[in-house]
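Take this structure first; my questions come after.
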Amino acid sequence: MGVLDGIRVLDFGRYIAGPFCATLLGDLGAEVIRVEKRTGSEDRWLSPVAADGTGSTLLNVGRGKRGLTLDPRSAGGDEVRRRLVASADVVVANLPRRGLEMMGLDYGAVSAIRPDIVLTSIDAYGDEGPYADRVGFDGVGQAMSGSAHLSGPAGHPTRAYVPWVDFGTASLASMATVAALWHRERTGEGQHVQAALLRTALQFNSYTLTEEAVLGKGRESTHNRGQTSGPADIFRATDGWLVLQAVGDPIFRRVARLLDKEEWLDDPRFRTDDDRGENGAELSAAIAAWVAVRTREEAISSLNEAGVPSAPVYDAASALADPQVRAMGAFTEIDYAELDGVPVAAPPFSMSATPPEPVGAAPTLGGDTDAVLAELGFSEDEIERLREGGAV
């Protein structure tokens, strides 16, 4: 039994931030109902891998959910929405405030149906300020937080391929949602939990922004080379790439001794992490020369034996095949439609007393619609009329 066993979550999310927030709640034992358009929400079709067009995004962030289709603005659809909300403990939606109001999912609307409900809403900019009604994706946070400016080759702002702002926002929102449920348990009071992509990105880059406010450093990109410690960079071996990060005096001393560069230890340019970051180009050049004449495994083996953090730079196939990834159980195999044994992410945490629920497959489009409607008290005839009227 999971920690959130008995909690029902309605997932009106789209793409990643909303759906993954609900996914994490499901990992903790909640029943999650994914509610999407009759034609399928946009995120269903991203990176298609199945014959029906379902993509790898949904197979991961939709794992373990039930599936319901609904047009809440159609004839009969509003009543379905009302009964769904009345049956739920949590509503998750990543829409700006106007979108929530149009869908009848703003806090005033859902709390009027169930006063102790927890609404978790996620959008790009939050509810306050001049950009509150704008829409946006992960890249908004990466760009406006200063992250893209400091990534990639100098002069070429670079967005990370992995949507870390989306996943980070979902993770923080799920934590706040669990806290809101705990508050409800103690007081009987529901509340509105709000998260924003830009707020997450600013939090994750806060150390750089604080430094800028105090010192006016005006940092510019140094591509893969770190700026606040060193050596920290990505290096090319004879057969591939690896990353090395030295943070703190003890690790820097290990690097110096491994490379027979003990003169670095008395060099004032390398006295502190900040000094080593400022003068990291020379450190990177020395490491690059040392790595270049070794295979990746030889270099990593020597670095790890010396206690220096390093790891191979993988492509997707190599990441899946790594023995550590397999030993961690980071992926589990599910069957979806005609696909057998598809690896999807397992819950990204473990708990000794209340382990996460086993991962189930993502729902097919509307695959649980009839069953959920029946649970809400709709008869077979009513369900058929809802379908004929375009509500489900």
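What follows is calculated from the coordinates using simple rules that are stated; it is not laboratory data. Everything numeric in this text was worked out from a predicted model, so none of it was measured. Because the Cβ atoms are built from the backbone with ideal geometry, glycine has one as well, and the counts that use them run over all protein chains shown.
Once you have a ≥ b ≥ c as the square roots of the Cα gyration tensor eigenvalues for region 295-362, tell me rounded if a/c is under 1.5, and otherwise prolate or oblate according to whether a/b is larger than b/c.
In terms of gyration-tensor shape, oblate.
Another question, if that's okay. Where does the charge balance sit around ARG296 when Lys and Arg score +1, Asp and Glu -1, over other residues with C-beta under 14 Å from its C-beta?
Net of charged neighbours comes to -3.
Then there's this: Only counting other Cβ atoms within 10 Å, I'd like PHE12, PHE331 sorted with the fewest neighbours first.
Ordered from fewest to most neighbouring Cβ atoms within 10 Å, PHE12, PHE331 come out as PHE331, PHE12.
Could I have the simple spin-label model distance between ALA292 and GLU79, label points 7 Å from Cα toward Cβ, reported in nm to one decimal?
Result: 7.5 nm between the two label points.
By count of other Cβ within 10 Å, fewest leading, how are TRP290, TRP182, TRP241 ordered?
TRP182, TRP241, TRP290
Which value at 222 nm does the chain reach when only helices count, each DSSP H run of 4 or more adding -39,500 (n - 2.57), with the total divided by all residues and rounded to the nearest 500 deg cm²/dmol?
-11500 deg cm²/dmol
Then there's this: Would you tally the net charge around ASP123, using a Cβ to Cβ cut-off of less than 13 Å, leaving ASP123 out, and scoring K and R as +1, D and E as -1?
Every neighbour counted, the sum reads -2.
Based on other C-beta atoms within 10 Å, arrange LEU215, LEU28 from fewest to most.
Fewest to most other Cβ atoms nearby, the residues stand as LEU215, LEU28.
Turning to a different aspect of this structure: Show the residues, 5+ positions off or on another chain, whose built amide H is closer than 5 Å to the amide H of PHE331.
Answer set, sorted by chain and number: ALA346.
Classify region 203-281 from the C-alpha gyration tensor, please: rounded if a/c falls under 1.5, else prolate or oblate depending on whether a/b exceeds b/c.
Oblate, since a/c reaches 1.5 and b/c is not below a/b.
Rounded to the nearest 0.05, what FRET efficiency do ASP275 and SER151 give with R0 = 30 Å and r taken as the Cβ-Cβ distance? Could you check?
Step by step, r from the Cβ atoms, then E = 0.80.
Work through the residues other than GLY2 whose Cβ is under 15 Å from its Cβ and net out their charges, Lys, Arg +1 and Asp, Glu -1.
Within the 15 Å Cβ shell, the charges total -2.
For region 194-236, rounded, prolate or oblate, judged on the Cα gyration tensor with a ≥ b ≥ c (square roots of eigenvalues), a/c < 1.5 rounded, else prolate if a/b > b/c?
oblate
Output ³J(HN,Hα) for region 234-244: one whole-Hz value per residue in order, computed from phi by the Karplus curve 6.51 cos²θ - 1.76 cosθ + 1.60 with θ = phi - 60°, and x for Gly and Pro.
Using θ = phi - 60°, the values come out as 10, 10, 9, 8, 5, 10, x, 10, 9, 10, 9 Hz.
Ok, one more. Which residues' amide hydrogens lie under 5 Å from the amide hydrogen of VAL32, considering only partners 5 or more residues apart or on another chain, with H built in the peptide plane?
Here VAL9, ARG66 satisfy the definition.
Which value in Å is the Kirkwood Rh of the chain over different Cα pairs?
Answer for the chain: a Kirkwood hydrodynamic radius of 23.6 Å.
What whole number of Å gives the distance from the Cα centroid of region 218-247 to the Cα centroid of region 86-102?
Cα centroid of region 86-102 versus Cα centroid of region 218-247: 43 Å apart.
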